[in-house]
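The values are calculated or read from the model by the stated rules, or taken from the named source; none is laboratory data. Model, not experiment: these values are computed from the prediction. Don't worry about glycine lacking a Cβ; one is built from the backbone with ideal geometry, like all the others, and counts go over all protein chains shown.
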Amino acid sequence: MKLIEGSPAAPGAALALLIYTGVAVAQSVALPHVHGLAYSADGKQLFIPSHDGLAIYSNSRWSKASGPQHDYMGFSVTKNRFYSSGHPAPGSALKNPFGLIVSGDGGRTWDKRGLEGESDSVHPSNPRIVAVATKDGLFLSTGSGAHFERLTAGQALAACFDLDAEHLFYSMHDGAARRYRQSLKSRSRSEVPLPSLTQDAVSYIAQNPADRAEYAIATFERSVFLSRNMGKNWTQIARNGQTIDGRKP
């Protein structure tokens, strides 16, 4: 038996505590900032880069990644790699900002890829089709950014391509938080239900690659929600930066 740090020193007392509760006491995970949102390739983990490392939600539980506690920004996940820019953790030998880094082991170790000391944010995207959310609207380029078409006016907040490669999700706030799904072909759009956000709005959107009906959203007030039925029902797994364990969508 391993004693939990901060528990009574007497083995009998610690054992009684563990038998009574039936669970181990885990360190709480907070979200001081939310700098992104992404699923693992197998869809079993949800990653949130923050000011002090990567937070992970899996099997209805929160944990922290075992790697360095960098301030990850411009975070992106592919089938086999994590990519990020950002600022190094205190005591790190990396330059600030550290440019583009890549991890092939789930964020435990990272390798430098360049732009050290020059880049603060990197946003990997389809090399030809690019969506940009701005205060003046949502813009789409099909020519690697050479020309942009405005899809909608008004402040756009987050954009995420649907994994079907035929639609684009984006969020807005026009007095109320809204999320839309728009066809890249016909340009028609439909509003997608959101949880009640009062004065909050959606800052990040992620789709589960293993179950395309499952979505996660993060908000500017550091709340996180999951839906497994295209937004018809939502489960809150973080509220104002405080994570919530044991909740299944």
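Details
- The condition (being among the hydrophobic types (A, V, I, L, M, F, W, C) and surrounded by fewer than 17 Cβ atoms within 10 Å (Cβ to Cβ)) is satisfied by just one residue among Ala210, Ala206, Ala201, Ala177: Ala210.
- Residue satisfying condition, being outside any loop (DSSP other than H, G, I, E, B), of a type in the set (Gly, Ala, Ser) and modelled with pLDDT of 70 or more, within set Ser85, Ser92: Ser85
- Here Ser125 passes the criteria (1) assigned to a loop (DSSP other than H, G, I, E, B); (2) closer than 27 Å to Asp200 by Cβ; (3) at pLDDT 85 or above except the one numbered (3).
- Of residues in segment 202-232 being in contact with an Asp or Glu (Cβ under 8 Å, 6 or more places away or on another chain) and hydrophobic (A, V, I, L, M, F, W, C), the one farthest from Gly36 (Cα to Cα): Ala210
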